[in-house]
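Encoded as structure tokens, the structure appears first; notes follow it.
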Amino acid sequence: MRATAAEGPAGTAATPAPADVLVRIEDVTKRFGSFTAVSGVSLDIRRGEIFGLLGGSGCGKTTLLRMLAGFEEPSAGRILLDGQDMAGVPPYARPIHMMFQSYALFPHMTVERNIGYGLKHERMTEAQRRDRVREMLDLVQLAPFAGRKPHQISGGQRQRVALARALARQPKLLLLDEPLAALDKKLREATQFELMNIQARTGVTFVVVTHDQDEAMTLSDRIAVMDKGRVMQVGSPTEIYEYPTSRFTAGFIGMATFFEGRVQGVDGPSLRIDLPETGTVIEARAAAGLAAGQAVTVALRPEKIAISRDRPAAANAVEGTVQDLGYFGKDSLYRIRLATGKLVLVHAVNARRTGADGRVADWEDRVWLSFDPEAAIVLAE
Amino acid sequence: MRRRSTFLFTVMAFGFAFFYVPILSMIFFSFNASRLATVWGGFSTKWYAALFRNQQVLDALVLSLKIALLSATCATILGTMAGIALARFRRFRGRVLFSGLVTAPLIMPEVITGISTLMFFILLADWVGWPGSRGFTTITLAHITFSMVFVTTVVHARMLQADAAIEEAAMDLGSRPWQVLKDITLPVISPAILSGWLLAFTISLDDVVITSFVTGPGNTTLPLLIWSKVKLGVTPDINALATLIVLTVGAGVLIAGILLQRAERRRERDMQLAYRANQ
């Protein structure tokens, strides 16, 4: 299952790269001594998209980024940029630029000279060079700070200088290593949209490495979820969230409650799955390939479960007791204990101002949980 | 409370007295009219005048300065290269041995360094006929070997402090390794290189032990001259010479301190500017 996920929707490595594929990563592995940082990764990055590499620390995302930049060479496999093999091409000869996590601004140069640094390798006149730097300064709204040194500007401004410097030479591909990690929360949200805006205006393909799932979901057109050096799944934020293909992805992105079960019957896309932990047999929908008797894991997102006091007329319903609840004002998060002892996370919007605080249920209340057959994520593992 | 502060003050006063009374008394006696170094015979500046008429002293001073300039410069070039190599190349064959060899002179007794350097020069003269005589060249070479480690240490420390990503960033933006060195690495570590040079210069200027091993006839550096004069008894002209050295060094430290303080104040002002721009 992992292999199919890693190959992605663009097909197998044997087919020629379609025109919209800018970077093709083919079965790339990177070992440091006995440690394998990246293991058999295959990815296609499309022209003009923001591609997110998401994973916890040590999952290999930064190593993959450094191989794209040319700071590390793959131990096995190939990286193709526009169909050209990048093996042996040093970082300074690649039309790929990087925005470093620490920004790596040159401390002894002004903002202007930082941005213009890469341009000295371009065949252009002094006037053209000045125009380009001016254009970049305007793009990131830093024109008034052109003459300042990096230590004379704020963290958010430094981040924009790093971005402008990496974009000045009009790279084919821009790599961003945790671009927002060093900013405080409020600035991070504003900068997120600014990054997307600048990407749209310049049309440069972005690869963004991040450990923050919200950041990856907001920024990216497509996301690759990585774990232990492997790509677990590639897809749009919606695909990754609504149709995870592994327990890791389902658990890493958003919240979910997992149930172990067994397929009882198959009727086209409809499945009947016995979930002993709920004490019932549920109805679910899943793509073909599952047979009766097969062991599966069912994941349920908290917001896909409805909570009510009376037994609903839904296909899947199960009774439980409120064990815990977190009241956030606009919504509440419940932990419901089923008769079997299993705890289920349920998320409910407090849409009405009924009672004292508008909650649907209170501690130790008996409630019914229900969900559509489409809501259940069926994982064959 | 009051008693304790008196105690602390006394300790501090004794400490400073221990450091500075000898130097102050030396300066005081350099203005002594008497020939006897420790008997006051009235105020006079004649020893200073005598110093500037003394060709031997002037020659020794010029030789010392020439050796210090040349050896400090060579030690800075070699030491900077070693410092960068140790900081940036984490893995190469013989790195531990290299690091050990570079820093060995720091802990080696000077007498050992001196005698082994002398033996080396004698053997070398035997085998290849060079150096024919000992003097300027041998002293300079010996000074380079023991002062290089100071430059290496300072540069290495600065390199470890600097963000290695800035070098990668420069390379990422299209610069070849030597351009990165020229544009980024050297400018960023230039304060460390300068202070390394000053250290090497000072160490070379006041070395007695190693110099006395590798020098030859007619090549007397200033510290050697002072040493040999003192063996015949401390005379007021030595006091005058030492006073001048103390004043020169003192002025240098003072100027460096003022420059550093100004830079620090400017940096603080810049930080406040950045903070306000952030609001």
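Peptide A:153-161: average number of partner chain Cβ atoms within 10 Å per residue?
Details: counts 5, 7, 2, 2, 3, 1, 0, 0, 0.
For peptide A:153-161, the averaged partner shielding equals 2.
Show B:Met148, B:Met159, B:Met12 ordered by accessible area, largest first, where the area counts protein heavy atoms only and the probe is 1.4 Å.
Numbers: B:Met148 40, B:Met159 0, B:Met12 95 Å².
Largest accessible area first, the list is B:Met12, B:Met148, B:Met159.
Quick one: compute the contact order of chain B, relative version, from alpha carbon pairs under 8 angstrom and 6+ residues apart, as a percent. Write down the numbers at each step before the final one.
Values: 264 pairs, mean separation 83.6, N = 279.
Dividing the mean separation by the residue count of chain B yields 30 percent.
At 1.4 Å probe size, with every protein chain present, just tell me what the per residue accessible area of the range A:254-360 comes to in Å².
On the way: 5510 Å² over 107 residues.
I get 52 Å² per residue for the range A:254-360.
Give me the Kirkwood hydrodynamic radius of the range A:34-96 in Å, from all C-alpha pairs, to one decimal place? Walk me through the numbers on the way to the answer.
Numbers: mean 1/r = 0.0783 Å⁻¹.
Answer for the range A:34-96: a Kirkwood hydrodynamic radius of 12.8 Å.
Using bins 10 angstrom wide from zero, how does P(r) for the range A:73-226 break down, in % of all Cα pairs?
Reading the bins upward from 0: 10, 38, 36, 15, 1.
For the range B:33-142, what is the accessible area per residue in Å², given a 1.4 Å probe and the full set of protein chains?
On a per-residue basis, 63 Å².
If packing is taken as the mean number of other Cβ atoms within 10 Å per residue, what is the order of A:105-118, B:87-100, highest first?
Descending mean neighbour count gives A:105-118, B:87-100.
What whole number of Å gives the distance from the Cα centroid of the range B:39-68 to the Cα centroid of the range B:196-261?
Taking the Cα centre of each part, the range B:196-261 and the range B:39-68 sit 12 Å apart.
Identify all aspartates and glutamates with a Cα-Cα distance to B:Lys231 below 19 Å; exclude those on the same chain that are fewer than 8 residues away in sequence.
B:Lys231 reaches B:Asp206, B:Asp207.
For the pair A:Lys172 and A:Asn197, what calculated FRET efficiency results from E = 1/(1 + (r/R0)^6), where r is the Cβ-Cβ distance and R0 = 22 Å, to the nearest 0.05?
Details: r = 20 Å, r/R0 = 0.91.
Calculated value: 0.65.
What is the Cα convex hull volume of the range B:38-156 when expressed per residue in Å³? Don't skip to the answer; put the middle values down first.
Numbers: hull volume 20.4 nm³, N = 119.
Hull volume normalised by residue count: 171 Å³.
Tell me: how much accessible area in total is hidden between B and A, 1.4 Å probe, Å², nearest 100? Before the final figure, lay out the partial values.
Values: alone 18330 and 18200 Å², together 34210 Å².
Buried area (both sides, nearest 100 Å²): 2300 Å².
What is the spread of the Cα atoms of chain A along each of their three principal axes, largest first, in whole Å?
Result, largest extent first: 76, 54, 37 Å.
Using the Kirkwood formula over every pair of different C-alpha atoms, what hydrodynamic radius in Å results for the range B:58-235? Don't skip to the end; give the middle numbers.
Values: mean 1/r = 0.0562 Å⁻¹.
After inverting the mean inverse Cα-Cα distance, the result is 17.8 Å.
Anything over 20 Å Cα to Cα? Flag those among A:Lys61/A:Lys149; A:Lys120/B:Lys182; A:Lys149/A:Lys185, in the order listed.
Details: A:Lys61/A:Lys149 31 Å; A:Lys120/B:Lys182 14 Å; A:Lys149/A:Lys185 25 Å.
The answer is A:Lys61/A:Lys149; A:Lys149/A:Lys185.
What's the average, rounded to a whole number, of partner chain beta-carbon atoms within 10 Å of each residue's beta-carbon in A:85-93?
Numbers: counts 0, 0, 0, 0, 0, 3, 8, 10, 3.
Average neighbour count from other chains, rounded to a whole number: 3.
Work through the residues other than B:Lys46 whose Cβ is under 13 Å from its Cβ and net out their charges, Lys, Arg +1 and Asp, Glu -1. List each step's numbers first, then the result.
On the way: positive: B:Arg35, B:Arg53; negative: B:Asp237.
So the environment of B:Lys46 carries a net charge of +1.
To the nearest 0.05, how large is the calculated FRET efficiency for A:Glu189 and B:Thr202 if R₀ is 60 Å and r is the Cβ-Cβ distance?
On the way: r = 55 Å, r/R0 = 0.91.
The pair A:Glu189/B:Thr202 has a calculated efficiency of 0.65.
When only C-alpha pairs under 8 Å and at least 6 residues apart count, what is the relative contact order of chain A, in percent?
Numbers: 791 pairs, mean separation 57.1, N = 381.
Once normalised by length, the contact order is 15 percent.
Modelled label-to-label distance, A:Ala146 and B:Glu268, 7 Å Cα→beta-carbon offset: nm?
A separation of 3.2 nm, rounded to one decimal place.
Taking R0 as 30 Å, what's the FRET efficiency between A:Asp214 and A:Arg285 from their Cβ-Cβ distance, rounded to 0.05? Working shown, then result.
Details: r = 28 Å, r/R0 = 0.93.
With a Förster radius of 30 Å, E is 0.60.
The values are calculated or read from the model by the stated rules, or taken from the named source; none is laboratory data. Treat the numbers as computed from the prediction; the structure is a model and nothing was measured. Backbone-built Cβ (ideal geometry, glycine too); neighbour counts: all protein chains shown. Protein only, heavy atoms only, side chains kept; ligands, DNA and RNA dropped before computing areas. Shrake-Rupley method; radii C 1.70, N 1.55, O 1.52, S 1.80 Å.
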